[in-house]
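Encoded as C-alpha cells, the structure appears first; notes follow it.
The values are calculated or read from the model by the stated rules, or taken from the named source; none is laboratory data. Source: prediction; values computed, not measured. Positions of Cβ are backbone-derived with ideal geometry, glycine not excepted, and every protein chain shown enters the neighbour counts. Each accessible area value is taken on the protein alone, full model and side chains, heavy atoms only, with ligands, DNA and RNA left out. Shrake-Rupley method; radii C 1.70, N 1.55, O 1.52, S 1.80 Å.
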Amino acid sequence: MYNVQEIAPSIYWVGGTDKRLERFENMFPLPQGVAYNSYLIMDEKTALMDTVDSAISVQFLENIEHVLDGRTLDYLVVGHMEPDHCANIEELLRRYPEMKIVGNKKTFQFMEQFYTFSKPDNYLIVKEGEELPLGEHTLRFIMAPFVHWPEVMFTYEVSKKILFSADAFGCFGSLSGNIFSDQTDFDGVFLEESRRYYSNIVGKYGPQVQTVLKKIAKQDIEMICPLHGPVWRENLSYILDRYQKWSTYQPEKRGVVLVYASMYGNTENAMNLIASKLAAKGVQDIRMYDVSKTHPSYIISDAWKFSHLVFGSPTYNLGLYHGMQALLHEMASLNLQNRKVSLVGNYTWANAAVREMTEILESMKKIEFVGEPFEINSALKPEQLPELDLLVEAIYDSLNTDTEETVAAGAGTAGN
C-alpha cells in the first residue's frame, strides 16, 4: 500500500524507511534503522529527485505510481549515485522508457560502472547553475563534489525555495510518520545520529562542505530535503550552523572523551582514575569508551563533539593494541583535527603504545598534546599517583584556559 506525504504544494515525499537494516554500508550500526528519502514534483513535467535502496523498492514504486496517477515520469534527477539512492533507476527506465535521467558527467560514468544498461539517448547532462523548467517549478543545479562522492550535486527548486541536498544534512535513524524535523524531538532523537552520520560519512571532506555551504548561502532556502533523515522546513540555521562547525572541525563543547584498550583491566583502571579525578574537579562533560566494545563510529562522533581526548592503550605484540590502532587510523583518515590530546600507555616488557599513538596523532592537523604521556608498567602503583595527578591537572587547566569559542550542546532548538 502506498505511503506518501505532500511536503509542499505539488511536491511529495515518496520514500520509505528500513527499520530492519543492521548496518549502514555494512559497517555502521543502525539501532533505529534508516530512512531513504525521494521526492516527486508534479507539474507540466514530472520530476523525481533520486530513488531509494533496493530493500524498499516495492513500497517506493507503489508510491511513485500512486502520485503519478497514470501520468508518465518525465525526469529523474540523480543527485547521488550511491546504490542506496540509485537502485531503482533501471526499473524506472523499464516503466517509463522516455524518462530523461538528469545528472552531471561523473553521474553517468558511475551509472554505467554500477549497471549493465547504457541509455545515452535518455541522459541529460547538466552543469553548475543550469536550470530545468518543469512549468511552475524550475530546478537549478549546484555541483557539490566530494560531499561525499565526486559526482554529488544539489538541486534547488526556485519557486518553492527548496534545496534537495543529496546526502548532506542527513542522518542515521528511521522516520516514524513525522518526516519534518520540527515534528520530532530532534535533539533527543536525531542530533547524535546526525553528528555520527556526518563525522563518519562526510567528515573527511570538510573543505568541500565549506565550498558548498558558500554556494548555497547565495540561495534563498526555505526547506532542505536530504536523502536520509527528517526534512527541514523551520529553523534551518540549526542544522546549517552545525555543518559549519563540523566542517571546520570546531568542537561543539568543552569536555573530555576518554578512550581506552585494556586486556586485563589495568589500563582501564588508570583511565577510570583520570575520569574520577576530573569529575572531582567539577568537569561535567566526560565520556568513556572501551575500543573493544564500542563501535568506532560512536567514539568518532563524540570526538567531533568534544574538545579534549584521552587515549589509553597497552603495547600488544610489540606494537599498538589492534582496536586502538584501527580507531586512530580511522580518525586520521577522516581528517579529524583541532583537538587537545593526552596519552596513557601500558607495557610489561616492551614499550610501544605511546610511541605509536603519538606517531599517528602527529600525522593529523592541529593536534595539541596536553601533559606528559603517563606510562604504566603492567599495573598502576601508589607511587605513580602524583604523576597521574599532574596529567589530570594539565587536562583540567587546558579545559579552563582554552579560549576557543564553544557552543553548548543543544544551543538553539530544532523544533518550533
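Modelling each spin label as a point 7 Å along the Cα-to-Cβ direction, I'd like the ASN351/GLU25 distance in nm, to one decimal.
Label at ASN351, label at GLU25, 3.8 nm between them.
For the chain, set up a Gaussian network in which alpha carbons nearer than 10 Å are linked by springs, and say which option among THR116, THR51, THR72 fluctuates the most.
Maximum fluctuation in the GNM of the chain, among the listed residues, is at THR116.
Could you work out the local net charge near VAL392, counting Lys and Arg as +1, Asp and Glu as -1, over the other residues with Cβ closer than 14 Å to its Cβ?
That works out to -2.
I'd like the carbon and sulfur percentage of the solvent accessible area for segment 70-204, probe radius 1.4 Å, heavy atoms only, ligands and nucleic acids excluded.
50
So, by mean Cβ neighbours within 10 angstrom, what's the order for 310-316, 160-166 with the highest one leading?
Final packing ranking: 310-316, 160-166.
I need the shape label for segment 178-239. Rule: rounded when a/c is under 1.5, else prolate if a/b > b/c, else oblate, with a, b, c from the alpha carbon gyration tensor.
oblate
Could you please report the charge total around GLY312, scoring K, R as +1 and D, E as -1 over all other residues with beta-carbon less than 12 angstrom from its beta-carbon?
Working: positive: none; negative: GLU268, ASP290, GLU375.
Local net charge: -3.
Where a ≥ b ≥ c are the square roots of the eigenvalues of the C-alpha gyration tensor, would you call segment 66-152 rounded, which needs a/c under 1.5, or, failing that, prolate if a/b is larger than b/c, or oblate?
oblate
So if I place +1 on the C-beta of Lys and Arg and -1 on the C-beta of Asp and Glu, and nothing else carries charge, what would the dipole magnitude of segment 34-105 be about its Cα centre? I want it in debye, nearest 20.
For segment 34-105, the charge dipole is close to 200 debye.
What percent does the relative contact order of the chain come to when contacts are Cα pairs within less than 8 Å and at least six residues apart?
Value for the chain: 12 percent.
For PHE369, list long-range residues whose amide hydrogen, built 1.01 Å from N in the peptide plane, is under 5 Å from its own amide hydrogen.
Under 5 Å from the amide H of PHE369: VAL341.
Packing-wise, with mean Cβ within 10 Å as the measure, how do 373-383, 140-150, 220-230 rank, highest first?
220-230, 140-150, 373-383
Quick one: the Cα spread of segment 1-147 along its three principal axes, in angstroms, biggest first?
Taking max minus min along each principal axis of the Cα atoms, segment 1-147 gives 41, 32, 27 Å.
Using 1/(1 + (r/R0)^6) with R0 = 56 angstrom and r between the beta carbons of ASN178 and GLU393, what's the FRET efficiency to the nearest 0.05?
0.75
Pick out which of GLY15, GLY135, GLY206 has the largest mean-square fluctuation in a Gaussian network model of the chain, springs linking Cα atoms closer than 10 Å.
Sorting by GNM fluctuation, first place goes to GLY135.
Using mean projected area of the Cα convex hull in nm² as the read-out, say which of (i) 24.0; (ii) 57.2; (iii) 21.3 was calculated from these coordinates.
The listed entry that was calculated here is (iii).
Gap in Å between the Cα centre of segment 11-62 and the Cα centre of segment 242-295?
Taking the Cα centre of each part, segment 242-295 and segment 11-62 sit 35 Å apart.
How much accessible surface does ILE360 have with a 1.4 Å probe, in Å² rounded to 10?
20
Can you compute the helix-only [θ] at 222 nm over the chain? Use -39500 (n - 2.57) per DSSP H run of at least 4 residues, normalise by all residues, nearest 500 deg cm²/dmol.
It comes out at -9500 deg cm²/dmol, rounded to the nearest 500.
Taking a probe of 1.4 Å, how large is the accessible area per residue of segment 287-387, in Å²?
For segment 287-387, the solvent-accessible area averages 44 Å² per residue.
In a solvent-free Debye calculation with one equal scatterer on each Cα, what is log10 I(q)/I(0) for segment 125-215 at q = 0.10, 0.12, 0.20 Å⁻¹, listed in the order of the q values?
The calculated log intensity ratios at q = 0.10, 0.12, 0.20 Å⁻¹ are -0.32, -0.46, -1.03.
Run the simple label-point estimate for GLN337 and GLN384 please: 7 Å along Cα→C-beta, distance reported in nm.
Between GLN337 and GLN384, the label points sit 3.4 nm apart.
Given a 1.4 angstrom probe, what's the average accessible area per residue across segment 40-199, in square angstrom?
Value returned for segment 40-199: 38 Å² of accessible area per residue.
Which ³J(HN,Hα) values, rounded to whole Hz and listed in residue order, are derived for segment 248-264 from phi using the Karplus coefficients 6.51, -1.76 and 1.60 in 6.51 cos²θ - 1.76 cosθ + 1.60 with θ = phi - 60°, glycine and proline given as x?
9, 6, 8, x, 7, 9, 6, x, 10, 10, 9, 10, 9, 10, 8, 7, 10
Give a quick list of trypsin sites (Lys or Arg not before Pro) in segment 1-77 that DSSP marks as loop, anything other than H, G, I, E or B, with at most 12 other Cβ atoms within 10 Å.
Details: sites: LYS19, ARG20, ARG23, LYS45, ARG71; in loops: LYS19, ARG20, LYS45, ARG71.
Filter output for segment 1-77: ARG20, ARG71.
Under 5 Å between amide H atoms, partner at least 5 residues away or on a different chain: which partners does SER307 have, H built in plane at 1.01 Å?
Answer set, sorted by chain and number: LYS253, GLY255.
Once label points are set 7 Å from the Cα along Cα→Cβ at both TYR264 and THR138, what is their separation, rounded to one decimal in nm?
A separation of 7.3 nm, rounded to one decimal place.
I'd like the carbon and sulfur percentage of the solvent accessible area for segment 326-399, probe radius 1.4 Å, heavy atoms only, ligands and nucleic acids excluded.
Whole-percent figure for carbon plus sulfur exposure: 53.
Spelling out what I want: for every residue of segment 384-393, take phi, set θ = phi - 60°, compute 6.51 cos²θ - 1.76 cosθ + 1.60 (Karplus), and round to whole Hz; glycine and proline get x.
8, 4, x, 5, 5, 4, 5, 5, 4, 5
Could you tell me the distance between the Cα centroids of segment 123-140 and segment 329-353, to the nearest Å?
When both Cα centres are located, 48 Å separates them.
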